[in-house]
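Let me begin by presenting the structure, written as structure tokens, before commenting on it.
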């Protein structure tokens, strides 16, 4: 799944999905860092891209109160707007959450939209704890883990990975960010390292983890 973070990247994600179908799916959305730059015309353009049949999900959307590159109230309004668009289009959402665990959880729990599928969306590069993961998986969200899961300091995500139910999680690279180190390119093989860490935390074989993640992903995209 390749997400957009603004208008241009969302259009590029759709092009990648067409060029590399069926290996790549595209999401269209505006990241909280960029919502302050959106005007009425830009929102109309984003909504048109979401209507494109190549669009599989709405994202990356959410809240980021760590950097606050857009004012919090603008972030909240854009998050709610895109959640409602997802309801109208019956699409899952890809959610960014940084230093906003309580608000993101509350917004998703109270979200009135109910997809026809049983996978309503994904919390990507999960940084919350086991309680947050449990609350969100219970209402149909998947939890996606990235390479920081391998850090001993990632107490919450590591506890979540160990406790989460079967076939309720994904693995990801978050490329180009969260690379193995500053000098190495973040590429698809990073997801294998994440899967191996999930397997250690869950006392499973890596192949079993990838099998479960595949089932979860296919449920997300409606296969």
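Numbers below:
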{"quantity": "Test for residue 98: is it within 17 Å of residue 174 (Cα to Cα) and surrounded by fewer than 24 Cβ atoms within 10 Å (Cβ to Cβ)", "calculated": "yes"}
{"quantity": "Among residues of segment 119-131, those that are buried (at least 22 other Cβ atoms within 10 Å of the Cβ) and not in a loop (DSSP other than H, G, I, E, B), counted", "calculated": "3"}
{"quantity": "Tally, over segment 160-187, of residues that are at pLDDT 90 or above and over 15 Å from residue 133 (Cα atoms)", "calculated": "3"}
{"quantity": "Flag if residue 71 is in contact with a helix residue (DSSP H, G or I) (Cβ under 8 Å, 6 or more places away or on another chain) and surrounded by fewer than 17 Cβ atoms within 10 Å (Cβ to Cβ)", "calculated": "yes"}
{"quantity": "Residue in segment 27-38 that is surrounded by 16 or more Cβ atoms within 10 Å (Cβ to Cβ), in contact with a strand residue (DSSP E or B) (Cβ under 9 Å, 6 or more places away or on another chain), outside the structural domain of residue 223 (by TED's automatic domain parsing) and under 19 Å from residue 223 (Cβ atoms) present", "calculated": "yes"}
{"quantity": "Whichever residue in segment 92-106 is part of a helix (DSSP H, G or I) and over 15 Å from the mean Cα position of the chain (by Cα) and, among such residues, is modelled with the lowest pLDDT", "calculated": "106"}
{"quantity": "Residue within segment 44-61 that is touching a helix residue (DSSP H, G or I) at 6+ places or on another chain (Cβ under 8 Å), in a loop (DSSP other than H, G, I, E, B) and either crowded, with 17+ Cβ neighbours inside 10 Å or in contact (Cβ under 8 Å) with a residue 60 or more places away in the chain (or both) present", "calculated": "no"}
{"quantity": "Test: residue in segment 69-85 that is part of a loop (DSSP other than H, G, I, E, B), at pLDDT below 95 and not assigned by TED's automatic domain parsing to the domain that holds residue 173", "calculated": "yes"}
{"quantity": "Qualifying position, being under 23 Å from residue 2 (Cα atoms) and either out of contact with any helix residue (DSSP H, G or I) (no Cβ under 7 Å at 6 or more places or on another chain) or crowded, with 17+ Cβ neighbours inside 10 Å (or both), among 176, 180", "calculated": "176"}
{"quantity": "Which listed residue is over 17 Å from the mean Cα position of the chain (by Cα) and either assigned by TED's automatic domain parsing to the domain that holds residue 84 or surrounded by fewer than 20 Cβ atoms within 10 Å (Cβ to Cβ) (or both), from 158, 214, 152, 167", "calculated": "152"}
{"quantity": "Yes/no for residue 135 being in the same structural domain as residue 162 (by TED's automatic domain parsing), in a helix (DSSP H, G or I) and more than 27 Å from residue 51 (Cβ to Cβ)", "calculated": "yes"}
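The values are calculated or read from the model by the stated rules, or taken from the named source; none is laboratory data. Nothing here was measured: the structure is a model prediction, and the numbers come from that model. Every residue, glycine as well, gets a Cβ built from its backbone with ideal geometry; the counts of neighbours run over all protein chains shown.
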